[in-house]
1. Scan the stretch B:67-78 residue by residue and report those that are within 27 Å of residue B:212 (Cβ to Cβ) and away from chain A (no Cβ under 11 Å).
2. Which members of the stretch A:143-163 meet the condition of being part of a helix (DSSP H, G or I) and more than 10 Å from the chain's Cα centre (by Cα)?
3. For residue B:14, indicate whether it is at pLDDT below 85 and either near DNA strand C (Cβ under 9 Å from one of its atoms) or at negative phi (or both).
4. Restricting to the stretch A:21-38, name every residue that is part of a loop (DSSP other than H, G, I, E, B) and either assigned by TED's automatic domain parsing to the domain that holds residue A:168 or buried (at least 20 other Cβ atoms within 10 Å of the Cβ) (or both).
5. If I filter the stretch B:39-83 down to residues being exposed (fewer than 14 other Cβ atoms within 10 Å of the Cβ) and at positive phi, which single residue comes out as nearest to DNA strand C (Cβ to nearest atom)?
6. Looking at the stretch B:65-73, can you tell me whether even one residue there is within 27 Å of residue A:61 (Cα to Cα), among the small types (Gly, Ala, Ser), free of Cβ contacts under 8 Å to residues at least 12 places away in the same chain and more than 16 Å from DNA strand D (Cβ to nearest atom)?
There are 2 protein chains.
Amino acid sequence: MGSERRRGKAKSGDQLSRGELVHLKLLDAIRAGEFRPGERIREAEIAKWLGVSRTPVREAFRRLQADGLLVFEPWRGVVVAELDQQQLIELYAMRKVLEGTAAGLAAQHAAESQIATLAELIDTADTAADAAERAELNRHFHQNIYAAAHNRYLLKALNALRDSMALLPSTTYALTGRHEIAQGEHRDIVGAIARRDPKAAEAAARHHIAEAEKARLKMIIEMNRGNKDTTP
Amino acid sequence: MGSERRRGKAKSGDQLSRGELVHLKLLDAIRAGEFRPGERIREAEIAKWLGVSRTPVREAFRRLQADGLLVFEPWRGVVVAELDQQQLIELYAMRKVLEGTAAGLAAQHAAESQIATLAELIDTADTAADAAERAELNRHFHQNIYAAAHNRYLLKALNALRDSMALLPSTTYALTGRHEIAQGEHRDIVGAIARRDPKAAEAAARHHIAEAEKARLKMIIEMNRGNKDTTP
DNA sequence: CCGTGCAAGATTGTATACAATCACCAAACG
DNA sequence: CGTTTGGTGATTGTATACAATCTTGCACGG
């Protein structure tokens with residue numbers, strides 16, 4: 001409460017427009033599960049929550065719609081997108097392609113310093129405390145591979161997929177044993193990149209995503225066993 | 001100039017919001033070369049041109065920014081994005097990956113009717129009058145392959161690339177002989193899809209894009225020969 | 001003659017007011 | 001009792017007003 005009328009002033013400090021702020025906040029909220037898929041969201045509601053007007057909220061909505069996280073129903077507002085089984089398959093199929101491509105390109109174009117950073121990130125992940133932190137480091141790791149690929153269109157597409165992943169509940173790192181296996185897969189990818197072997201890097205990345213998909217499906221099955229809330 | 005105050009009424013006929021209309025109009029304008037890369041665009045200017053207010057213009061700007069066609073410079077407005085040599089390479093590299101993937105998936109998932117449509121589109125292209133019409137049919141052809149792949153994330157990424165292509169001047173179909181060669185490549189792709197051979201379909205599509213890239217580079221060289229306006 | 005500082009204009013970022021449309025609910029009719 | 005139709009409220013689509021910032025031009029001093 002208390003917007004305090006410092007309208008254009010707060011921005012100068014962080015050089016972040018309100019539209020971008022709303023975009024980030026909504027992404028975080030979706031990722032944190034505060035807005036669940038299928039839930040309807042009203043512009044005024046978000047505007048009041050974040051203490052801004054509807055205009056920047058609309059801008060954020062449009063971006064999220066373009067990325068597929070929100071679905072517009074004309075004159076009914078937006079609802080958080082729901083991923084059905086089919087979309088999940090398509091999402092992971094696309095990830096296999098793009099992550100594989102990114103790893104292959106990274107093997108060709110990565111600077112040595114970038115490869116070193118990747119190795120460090122893997123080591124750091126072993127010291128992570130909980131699943132949330134491991135998931136965060138995992139995102140960071142993949143983000144660095146994207147950067148090493150040096151292709152901005154690929155980067156954009158992969159970021160869009162990453163955002164779509166926010167619609168999935170929890171992370172596969174909550175599964176026992178997933179972290180250790182993923183670490184090994186990560187090392188395989190970085191090893192291939194370091195050897196400058198694009199084919200092997202691509203294969204390793206595709207394998208990694210395929211395993212992540214398996215873990216995700218297993219997780220969904222277990223969740224459905226716990227509460228019979230099927231997600232059709 | 002008499003906006004005639006039929007504000008919310010015109011929309012009911014075509015169920016197209018003003019924001020989407022502006023988006024399409026701007027895409028067309030960029031594709032037609034009315035707005036050239038590097039050119040600065042002002043919101044009010046577009047709003048007056050299309051007879052709408054700045055609000056839907058802003059929405060369209062945001063979408064075009066998200067797709068990379070416009071670049072935002074805070075408090076300086078937007079400029080039409082410029083593709084340098086490096087971005088051109090990255091763009092075609094990504095197209096090779098995604099078009100190849102789409103063709104491969106189409107070989108697996110396309111319905112027979114979709115394959116028939118693809119064959120028909122190729123035949124129709126032979127009757128096209130000029131380069132513009134051939135380019136249009138070419139877009140249509142590729143769009144149908146995307147649809148046959150049945151992966152909405154792939155579709156979205158490919159559409160984003162297609163829009164980015166609007167930043168390139170003219171089309172490679174203006175080159176003499178390009179149409180005939182492209183037709184042959186198209187038949188190779190559809191042939192592989194019809195044989196349900198994903199590997200061959202992917203290879204054919206990648207080859208097709210590689211040839212298109214060659215044609216594009218050749219075109220740029222010829223243009224630079226004509227006027228020494230280098231696009232750095 | 002050139003550089004610096006200031007002021008005015010231009011342009012975007014944001015907020016709010018208004019209009020159009022749709023969903024929901026109640027009531028009447030078959 | 002079920003179905004349909006009309007009204008009312010809620011919500012989005014659009015327009016416009018205002019605030020903050022940047023750019024540009026000009027004047028003044030060195």
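1. B:69, B:70, B:71
2. A:144, A:145, A:146, A:147, A:148, A:149, A:152, A:153, A:154, A:155, A:156, A:157
3. For residue B:14, the condition - at pLDDT below 85 and either near DNA strand C (Cβ under 9 Å from one of its atoms) or at negative phi (or both) - is met.
4. A:35
5. B:75
6. Yes; the residues of the stretch B:65-73 include at least one that is within 27 Å of residue A:61 (Cα to Cα), among the small types (Gly, Ala, Ser), free of Cβ contacts under 8 Å to residues at least 12 places away in the same chain and more than 16 Å from DNA strand D (Cβ to nearest atom).
For every residue, the table says whether it meets (1) among the hydroxyl-bearing types (Ser, Thr, Tyr); (2) within 30 Å of residue B:197 (Cβ to Cβ); (3) within 14 Å of another protein chain (Cβ to nearest Cβ); (4) surrounded by fewer than 18 Cβ atoms within 10 Å (Cβ to Cβ).
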site	(1), (2), (3), (4)
B:86	no, no, yes, yes
B:94	no, yes, yes, no
B:111	no, yes, no, yes
B:119	no, yes, no, yes
B:123	no, yes, no, yes
B:129	no, no, no, yes
B:133	no, no, no, yes
B:140	no, yes, no, yes
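For (1) touching a Phe, Trp or Tyr at 6+ places or on another chain (Cβ under 9 Å); (2) over 22 Å from residue A:203 (Cβ atoms), each residue gets a yes or a no:
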| residue | (1), (2) |
| --- | --- |
| A:105 | no, no |
| A:111 | no, yes |
| A:118 | yes, no |
| A:135 | yes, yes |
| A:138 | yes, no |
| A:145 | no, no |
| A:153 | no, yes |
| A:158 | yes, no |
| A:164 | yes, yes |
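The values are calculated or read from the model by the stated rules, or taken from the named source; none is laboratory data. What you are looking at is a predicted structure, and each value in this text was computed from that prediction instead of being measured. Using ideal geometry, Cβ is built from the backbone for each residue, glycine included, and neighbour counts are taken over all protein chains shown.
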